[in-house]
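A.B. asks: Before anything else, here's the structure in question.
The values are calculated or read from the model by the stated rules, or taken from the named source; none is laboratory data. Nothing here was measured: the structure is a model prediction, and the numbers come from that model. Cβ atoms come from the backbone with ideal geometry, glycine included; neighbour counts cover every protein chain shown.
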Amino acid sequence: MLDLLPDLCDEHGDIVEILEPIFNDYGAAHTFWGQVVTVKCKEDNSRVRELVATPGTGKVLVVDGGGSLRRALMGDQLAALAIENGWAGVVINGALRDAAAISEMALGVKALAICPMKTEKHGLGEVDVPVTFAGVTIEPGDYLYADINGILIAREPLSHHSF
């Protein structure tokens, strides 16, 4: 397993922001990175489903669920769809479900917690908007890097010998 974030912080500490350490690892891929696509939705994962069904190679989906733990914004079906479409990972400011299945999937997944309750689908949510949580504002098109040490955001892609 690669300790990517400490190296990136040493090399690029003046241009990166670290999210507060409030996220748990759920996917089998503990190290992941990519260009950010954002979605802001609370207790409705309609837009999450739409996005993971699109090509995601080199991308990380950042889901701002407002920190709600009442409904899961992703489960094993959406995780499988994300893998099928090449997404590198998903970071959820909220909950997920099907944690046992997701733990065996080759996808980077970080979330606040687990909730077995699915969302209601009303087609709500905003895509490609700035989101702010864990002490950082994340813009669409930023670059996210994650490992078991945490999550960092950079406005441009970072170079590193391990890529």
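A.B. asks: Is it true that some residue in the stretch 87-102 is more than 14 Å from the chain's Cα centre (by Cα), within 26 Å of Gly135 (Cα to Cα) and crowded, with 17+ Cβ neighbours inside 10 Å?
C.D. replies: Yes - at least one qualifying residue is present in the stretch 87-102.
A.B. asks: Only one of Asn24, Asn45 is closer than 16 Å to Lys118 by Cα and either at pLDDT 95 or above or surrounded by 20 or more Cβ atoms within 10 Å (Cβ to Cβ) (or both). Can you tell me which?
C.D. replies: Asn45
A.B. asks: Among the residues of the stretch 54-82 satisfying the criterion of being among the hydrophobic types (A, V, I, L, M, F, W, C) and in a helix (DSSP H, G or I), which is surrounded by the most Cβ atoms within 10 Å (Cβ to Cβ)?
C.D. replies: Step by step, filter the stretch 54-82, then rank; the result is Ala82.
A.B. asks: Based on what the data block shows, is Leu51 touching a Phe, Trp or Tyr at 6+ places or on another chain (Cβ under 9 Å), in a helix (DSSP H, G or I) and not basic (Lys, Arg)?
C.D. replies: Yes.
Residue-by-condition table, conditions (1) farther than 21 Å from Gly66 by Cα; (2) basic (Lys, Arg); (3) under 16 Å from the mean Cα position of the chain (by Cα); (4) loosely packed, with under 12 Cβ neighbours inside 10 Å:
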position: Leu124; (1), (2), (3), (4): no, no, no, no
position: Val136; (1), (2), (3), (4): no, no, yes, no
position: Gly141; (1), (2), (3), (4): no, no, yes, no
position: Ala146; (1), (2), (3), (4): no, no, yes, no
position: Asn149; (1), (2), (3), (4): yes, no, yes, no
position: Ile153; (1), (2), (3), (4): no, no, yes, no
position: His160; (1), (2), (3), (4): yes, no, no, no
